[in-house]
1. If you take the residues of segment 92-114 that are surrounded by fewer than 19 Cβ atoms within 10 Å (Cβ to Cβ) and aromatic (Phe, Trp, Tyr), which of them is nearest to the chain's Cα centre (by Cα)?
2. Take the conditions in contact with a strand residue (DSSP E or B) (Cβ under 9 Å, 6 or more places away or on another chain), surrounded by 14 or more Cβ atoms within 10 Å (Cβ to Cβ) and either more than 13 Å from Cys95 (Cβ to Cβ) or at pLDDT below 95 (or both) and apply them to Ser70. Does it pass?
3. Please work out if Ser53 is touching a helix residue (DSSP H, G or I) at 6+ places or on another chain (Cβ under 8 Å), open to solvent by 40 Å² or more (accessible area, probe 1.4 Å) and either among the small types (Gly, Ala, Ser) or under 16 Å from Leu11 (Cα atoms) (or both).
4. All but one of (1) closer than 15 Å to Lys98 by Cα; (2) in contact (Cβ under 8 Å) with a residue 40 or more places away in the chain; (3) buried (at least 20 other Cβ atoms within 10 Å of the Cβ); (4) aliphatic (A, V, I, L, M) hold for Ala33, so report the exception by its number.
5. Cβ-Cβ distance below 7 Å, separation of 6 or more or different chains: which pairs start in segment 60-82 with a residue that is under 17 Å from Val97 (Cα atoms) and in contact (Cβ under 8 Å) with a residue 24 or more places away in the chain and end on one that is aliphatic (A, V, I, L, M) and open to solvent by 50 Å² or more (accessible area, probe 1.4 Å)?
6. Could you please find all residues in segment 1-16 being more than 21 Å from Lys75 (Cα to Cα), open to solvent by 40 Å² or more (accessible area, probe 1.4 Å) and not in a loop (DSSP other than H, G, I, E, B)?
7. Which is more than 21 Å from Leu11 (Cα to Cα) and of a type in the set (D, E, K, R), of Arg71, Arg38, Arg45, Arg66?
8. Check Leu47 against each of (1) open to solvent by 70 Å² or more (accessible area, probe 1.4 Å); (2) farther than 15 Å from Glu6 by Cβ; (3) modelled with pLDDT of 95 or more; (4) more than 14 Å from the chain's Cα centre (by Cα) and name the one condition it does not meet.
Amino acid sequence: QVQFVESGGGLVQPGGSLRLSCVASGMIFSRYAMGWYRQVPGKQRELVAVIGSGGSTNYADFVKGRFTISRDNAKNTVYLQMNTLKPEDTAVYYCNVKIVVRDYWGQGTQVTVSS
C-alpha cells in the first residue's frame, strides 16, 4: 500500500524559507513522477510543482523562481524547498503520486507564513 509521510511545515515569517520532505513507501519510487500540491480552506487543491522520474521539473507560475522540487530515489523522498515565502503561500501542502488511474496523497503538512 502506497503511503507518504510529510514533514517540514511550520510557521515562518514573510521572506523566510522552509523545506518540506515526503517519504514514500509501498511503491517503486524511482519509477514515478511526484508532485506537491497545496490547499487552503474553501479552495480547490492546486498543483505547486512536479518532478518526473528522470528529474525533469515543472512549476506553477506563482512559485517559479522561489520553490525548488527535488528527489532522492535512494531515500524514497521528494523535497520542496520554499524560499521567499509570502503570506499567500499559507496552505496545507500534500505530496502526490498518480499510479495508473489512482491518486495517492500524504496527510499534509501545514505551512503558515505570517509576521
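1. Checked segment 92-114; the qualifying residue nearest to the chain's Cα centre (by Cα) is Trp105.
2. No: the conditions fail for Ser70.
3. yes
4. So Ala33 meets the others, but not (3).
5. Listed by first residue and then by second, the contacts come to Asn76/Val23; Thr77/Val23.
6. Selection gives Leu11 alone.
7. Values: Arg38 fails: more than 21 Å from Leu11 (Cα to Cα); Arg45 fails: more than 21 Å from Leu11 (Cα to Cα); Arg66 fails: more than 21 Å from Leu11 (Cα to Cα).
Step by step, each of Arg71, Arg38, Arg45, Arg66 is checked, and only Arg71 is more than 21 Å from Leu11 (Cα to Cα) and of a type in the set (D, E, K, R).
8. (4)
The values are calculated or read from the model by the stated rules, or taken from the named source; none is laboratory data. Small disclaimer: the values here were computed from a predicted structure and weren't measured. Note that we place each Cβ from the backbone using ideal geometry, even for glycine, and neighbour counts take in every protein chain shown. Heads up: the accessible areas ignore ligands, DNA and RNA and are worked out on the full protein's heavy atoms, side chains in. Shrake-Rupley method; radii C 1.70, N 1.55, O 1.52, S 1.80 Å.
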